[in-house]
1. Extension gain Lys279-Tyr365, at 0.36 nm per residue separation less the Cα-Cα distance, in nm?
2. To make sure I understand, if each residue's beta carbon is the centre and we count other beta carbons within 10 Å, what order do Tyr333, Tyr463 fall in, fewest to most?
3. Which FRET efficiency, nearest 0.05, do Asn252 and Asn185 yield, Cβ-Cβ r, R0 22 Å?
4. Using a basic spin-label model with each label point 7 Å from the Cα along Cα→Cβ, how many nm lie between Ala355 and Leu446?
5. In whole angstrom, how far apart do the alpha carbon centroids of the stretch 282-325 and the stretch 432-471 sit?
6. Expressed as an acute angle from 0 to 90° and rounded to the nearest 10, what is the orientation of the C-alpha long axis of helix 256-269 relative to the principal long axis of the chain?
7. With 35 Å as the cut-off, how large is the P(r) tail for the chain, expressed as percent of Cα-Cα pairs?
8. Using a 7 Å offset from the Cα along the Cα-to-Cβ direction at both Tyr413 and Phe325, what is the distance between the two label points in nm, to one decimal?
Amino acid sequence: MKIFKNKFYDFLIFGANGDLTKRKLLPALYNLEKNNCLNNNENIICIGRINLSNKKYINNMYKSLINFVDYKIDIKIWKKLSKKLLFINVNINNIKEFIKIKKLINNYDKIIISYFAVPSNIFENICKGLSYINLNHKNVRIIVEKPIGNSLNTFKIINNKINKFFKEKQIFYIDHYLGKEMVLNLFILRFSNILFLNIWNNNFIESIHINVYEKIGIEGRWNYFDKIGQTRDMVQNHLLQLLTIIAMKPPNIFNSKNIKKEKIKILKSLRKINIYSIKKNTIKGQYINGIIENKKVPGYLEELDSNVNSKTETFVSIRAYIDNFQWMGVPFYLNTGKRLINKKSEIIIYFKKPAVNLFKKYINYLPNNKLIINLQPKESININIINKIPNLNHKLILKEINLKFDYKKIFNYKYIYDSYECLLLEVINNRKYLFVDKKEIELSWLWIDNIINFWKINNQKLYKYHSGLSL
Ligand SMILES: NC(=O)C1=CN([C@@H]2O[C@H](COP(=O)(O)OP(=O)(O)OC[C@H]3O[C@@H](n4cnc5c(N)ncnc54)[C@H](OP(=O)(O)O)[C@@H]3O)[C@@H](O)[C@H]2O)C=CC1
Ligand SMILES: O=C1O[C@H](COP(=O)(O)O)[C@@H](O)[C@H](O)[C@H]1O
């Protein structure tokens, strides 16, 4: 796959020693290199706070690559990629230090893709620094990580600051869930199968569960995570994005503008949680120590750099409603937490039962039909149906069975690309269809702010759960 081969571009990564860079960006760049999707002439300028030699940085990155991927690293590919990595330490609070970056860019007309893999409170300084060295010209694109701000108000403040230096078309608001193959497939599944198209409403659907369960804890990211919590880290962005894709009406035309229009309608119809409904519609929790894969793991309050009085939630469950004709009365459960027994992201659609159980004599309790969409780690689509067990004397013995479509098996793929591979290519190719719109971010914050405010006002209970909890 040769993409963008005859254009020149460089990457800048701010936060080059952070978890995102090590866990996701570097493996994505490695795979892009492996698939021949990168040029030979680009630099990947890695910017961090600590003073490290380039050699040491590359060694560290190699170790972390091995640690974070479950396939064998091809040393030739790594060498090719690592030649492009240039580490420099820059104090982003000192604008003059950005000159160090300028010195590494040999052609100012190149396309420059600048990745802000850092907390959003320092976006402004990065923008100022980039503009100081004239790296905000029309060929510069910036990728900004979520969550931006920690409320609607702070989002607007930060975004206005970014807008002083960059035009909207230069800004890519990333939500990496939009680059996951199964998330993209949701559009196809929903809008090209009459089987689902006509029953996608409150006449046939009882409830929808969006579960994003993580096995990892906060992985040394106390300083970032404790100020944010699981609701802002995961629900404000990833889970609400999944909800909008599951609930939106088919767009008139399948393009970015029309998809966003329909997603925005859903966000506008989300019922606000208020002082009366907060308790019965939300639960928050924090992990304590426990056992995962036969190993003892510390509780949230025992993590590195922790503040033992923290009330930050690492688990949240929200029952949401969409007030429109299609979804009135259907609960959408948004569940996400860290340090659970397994990593699993799934969407489960529970259909209503038939009005009459004709086979009461044989099966007392008719289970709901279920459509289970496994987003990760094992991409698959499952449908549970009731079936007769074959037998010679035609006895009606009924059983719930599972029709399973396993993505990797069906398409004979050993590896399905990661979302960051897909999204980095989208930025290289200047396509915005898989990125979030500013309006979507604002509406998501509006809804989340409300929940967080009422938690404070109500002094909502924070449940403790053992690491390794199975849900
Ligand atoms: N980790 C993940 O899997 C994902 C993370 N994200 C998002 O990515 C962003 C970064 O998260 P993550 O990498 O996990 O967090 P980390 O805490 O691991 O990394 C944050 C990075 O920001 C740098 N940084 C923090 N404060 C400053 C500062 N004042 N000046 C300069 N650099 C600073 C840190 O530098 P230093 O190394 O020197 O401390 C570090 O490199 C967050 O917005 C998160 O939501 C999004 C998707 C997935
Ligand atoms: O955005 C984030 O996502 C990761 C989980 O991403 P996944 O693709 O591995 O499901 C989460 O661990 C991190 O805290 C958050 O910032």
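1. Working it through step by step, the gained length comes to 27.9 nm.
2. The fewest-first ordering by Cβ neighbours comes to Tyr463, Tyr333.
3. Computed FRET efficiency for Asn252 and Asn185: 0.60.
4. 3.8
5. One Cα centre to the other: 12 Å.
6. 60
7. 36
8. 3.7
Every number here is computed from the coordinates shown, using simple stated rules; none is lab data. No experiment lies behind these values; they were computed from the predicted model shown. FYI the Cβ positions are ideal-geometry reconstructions off the backbone, even for glycines, and counts take in every protein chain you see.
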